[in-house]
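Down below is the structure, laid out as C-alpha cells.
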Amino acid sequence: MTMLKSVSCPALFLSAPSSGEGKTTITAALARYFKEQGKVVRVFKTGPDYLDPQILAQASGQDVEQLDLWMAGENYCQQKLFEAAKEADLILVEGAMGMFDGDPSSADLAARFNIPIAIVMNVKGMAQTAAALATGMANYRNDLSVAGLIANNCGTERHAELIREALPESLPLLATLARDPDVSLPERHLGLVQAEEVREELEHRFSLGAQWIKGPLKEQNLITDLPASVEFFSAELPKVDPLLKGKRIAIAKDAAFSFIYDANLRLLEQMGATLSFFSPLSDSVLPEVDALWLPGGYPELHAKALSDNYAIQQQIKAFADTGKPVLAECGGFLYCLQDLTDLDDATYPMCGVLAGHGAMRGKRGCQGMQTAMLPEGALQGHAHHRSRSHATPEPIAHGKRQRHPAPGEAIYREKGLTASYLHLFFASNPEAIAAIFSGQFEISLS
C-alpha cells in the first residue's frame, strides 16, 4: 500500500446556525484581510454553489473549489485540500446552510478533515441567547472542534460584553462585527450577484471588509490571528484516461451562462479535449468544434439579448440538427427550448433545439442534490432553479433525489442533445461524460 503524504496548514471552517447569517461576507472579508497581509489564501465552498465561489475567488485572488462529500466523494475532497495545503498559508472553508443541515452536512465535512469551526451568528436582537445557541452547537456532536463564535451585527461594546461573559471558557468570542451595509454582498433571486457583473463594487466592499475584520468595536478580534494548523493527507484518485483525445468542445460562457465548475473544465482537458469559449450574447458564429456545452446561468436576465442574437441561435440549432453532441444544463436547457418567459412576463424566442417552453415562476422553484440516471451511467449533480418548463417531449429518465422517492428532474435526449435542469459534476463519472461529448450514447434507456 502506498504511504499517504501529508502537509500541515492553518485552516478554519466557517459555519452558522442557518443561511443568511453572513458567512460569505465574513469569509470574503477574512480572505481579503489575510491576502493584504501577503498570505496565500485558498478558499473552498461547501456544496454545489456556483455564485459564492466567484465572490470568494475575487476576494482571495485564488481559484475556489467546491467541496461536497456526496457530489465529489471523500477522496476527491481530501486530495483538493491536500493540494491547497501544499501552497497556501491559510485554508478557509465556507459551509452551506446551517452547520448540521443536509446529509452530508457542513459539520460532517469539518469533522472528516478535522478542521476547526468558527460559528458565524447574526446576533442582532439577542445577547446571552447567542452564547446559549453557540454553546449548544459546539456541544451537539463530540467529533467537532469549534474554535469560537463570530458575532455578526453586534451593536455596541456592551452588547459584545454580554455575549462574551455568557460564553464558556472553551468557546471564545473570536470577533464582534458591527452591522455595515457597505460590506454586505449584493444579491438577487438565486443568491449572490455574479462577481464579473460588479467587480469594481466588490473590490470596494472587500477593502472595507478587511478593515471591518480588524474590529470596529475596539475589542481586539482574535480572528485576525492565523488559526491552528491542520494536517491534510493526500488521496489516491483514479487515473484519468484520454477518452476525449482530439475532441473539440465549445462552451457557452458570458453573463447569461457562467455556472461552470472549474473542476469540470479541468477534467475535460485531462481527458484530452480542446476547449473553446463563446458568448451566446455577443458572438454570431459558433466555433468549429465536435461538441457543445450550454451550462447554467441567468438566461432569464438576458432573454431579450439572447433572442435578438438570432445568428448564433441558428448556428446552435443547425449544429444540434446534425446530431452532434450537445449538453444543456438548467439555463442552457431553457435556452434550447422554443421560448423563455422572463421575470417581467415578457416572452422571447430561444433556439428551438427542443420542443417546449420555459418560464420564470417567482419564488417557487426546485433545489437539491440529485443523481442523473443516464443510460451511460449515473452522474452526481444538483438542481437549483426558479423556473418551469412545459410542453416538452417525453423524458428518457429522471434524476434520483438524494432521499425523497419522487422522481427528480426530467432528462431529455434527442439526436445528440442531452438536456435537463440538472447541473452535473463531471468527475463523478468521467466515462459517462466522455460518452456524452463523444456522441457515443443511447437515445433511451430501453
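The values are calculated or read from the model by the stated rules, or taken from the named source; none is laboratory data. Note that the structure is a prediction, hence the values are computed from the model and not measured. Note: ideal-geometry Cβ built from the backbone for every residue, glycine included; neighbour counts use all protein chains shown.
Okay, here's what the table says:
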read-out: In the range 416-437, the residues that are β-branched (V, I, T) and either touching a Ser or Thr at 6+ places or on another chain (Cβ under 9 Å) or closer than 17 Å to L69 by Cα (or both); value: I436
read-out: Pairs with Cβ under 7 Å, 6+ apart, first in the range 149-163 and assigned by TED's automatic domain parsing to the domain that holds I117, second in a loop (DSSP other than H, G, I, E, B) and acidic (D, E); value: N152/E21; E157/E219; A160/E219
read-out: Subset of the range 357-399 (residues that are farther than 13 Å from L334 by Cα and in contact with a helix residue (DSSP H, G or I) (Cβ under 7 Å, 6 or more places away or on another chain)); value: L374, E376, G377, L379, Q380
read-out: Conditions (1) farther than 22 Å from L267 by Cβ; (2) among the charged types (D, E, K, R); (3) in a strand (DSSP E or B): number failed by R42; value: (1)
read-out: Positions within the range 121-139 being without any contact (Cβ under 8 Å) to a residue 60 or more places away in the chain and in contact with a strand residue (DSSP E or B) (Cβ under 6 Å, 6 or more places away or on another chain), in sequence order; value: V123, A130, A134, A138
read-out: L354 vs. criteria crowded, with 17+ Cβ neighbours inside 10 Å, modelled with pLDDT of 95 or more, touching a helix residue (DSSP H, G or I) at 6+ places or on another chain (Cβ under 7 Å) and not aromatic (F, W, Y); value: yes
read-out: Within the range 286-344, strands (runs of 3 or more DSSP E) holding 3 or more residues that are buried (at least 22 other Cβ atoms within 10 Å of the Cβ); value: 291-294, 326-329
read-out: Which listed residue, of A291, A235, A263, A255, is more than 26 Å from Q58 (Cβ to Cβ) and within 23 Å of the chain's Cα centre (by Cα); value: A235
read-out: Scope the range 400-424; condition surrounded by fewer than 16 Cβ atoms within 10 Å (Cβ to Cβ) and aliphatic (A, V, I, L, M); matching residues; value: A406
read-out: Scope the range 369-426; condition farther than 28 Å from S105 by Cβ, in contact with a Phe, Trp or Tyr (Cβ under 8 Å, 6 or more places away or on another chain) and of a type in the set (A, V, I, L, M, F, W, C); matching residues; value: I396, A410, A419
read-out: For R188: the one exception among (1) at pLDDT 90 or above; (2) charged (D, E, K, R); (3) under 19 Å from G20 (Cβ atoms); value: (1)
read-out: Positions within the range 387-420 being outside any strand (DSSP E or B) and within 24 Å of T341 (Cα to Cα), in sequence order; value: A391, T392, P393, E394, P395
read-out: Those residues of the range 48-67 which are without any contact (Cβ under 8 Å) to a residue 60 or more places away in the chain and more than 24 Å from L208 (Cβ to Cβ), in sequence order; value: L67
read-out: Selection status of P227, buried (at least 20 other Cβ atoms within 10 Å of the Cβ), out of contact with any His (no Cβ under 9 Å at 6 or more places or on another chain), over 23 Å from C330 (Cα atoms) and of a type outside the set (K, R); value: yes
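Okay, residues lined up against (1) touching a residue at least 12 places away in the same chain (Cβ under 8 Å); (2) within 23 Å of the chain's Cα centre (by Cα):
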{"residue": "H357", "(1), (2)": "yes, no"}
{"residue": "M360", "(1), (2)": "yes, yes"}
{"residue": "G381", "(1), (2)": "yes, yes"}
{"residue": "A406", "(1), (2)": "no, no"}
{"residue": "E409", "(1), (2)": "yes, yes"}
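Condition check ((1) surrounded by 22 or more Cβ atoms within 10 Å (Cβ to Cβ); (2) outside the structural domain of S207 (by TED's automatic domain parsing); (3) closer than 17 Å to I223 by Cα; (4) not aromatic (F, W, Y)) across all residues:
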site	(1), (2), (3), (4)
A28	yes, no, yes, yes
K35	no, no, yes, yes
G38	no, no, yes, yes
F44	yes, no, no, no
A57	no, no, no, yes
K80	no, no, no, yes
K86	no, no, no, yes
I91	yes, no, yes, yes
E94	yes, no, yes, yes
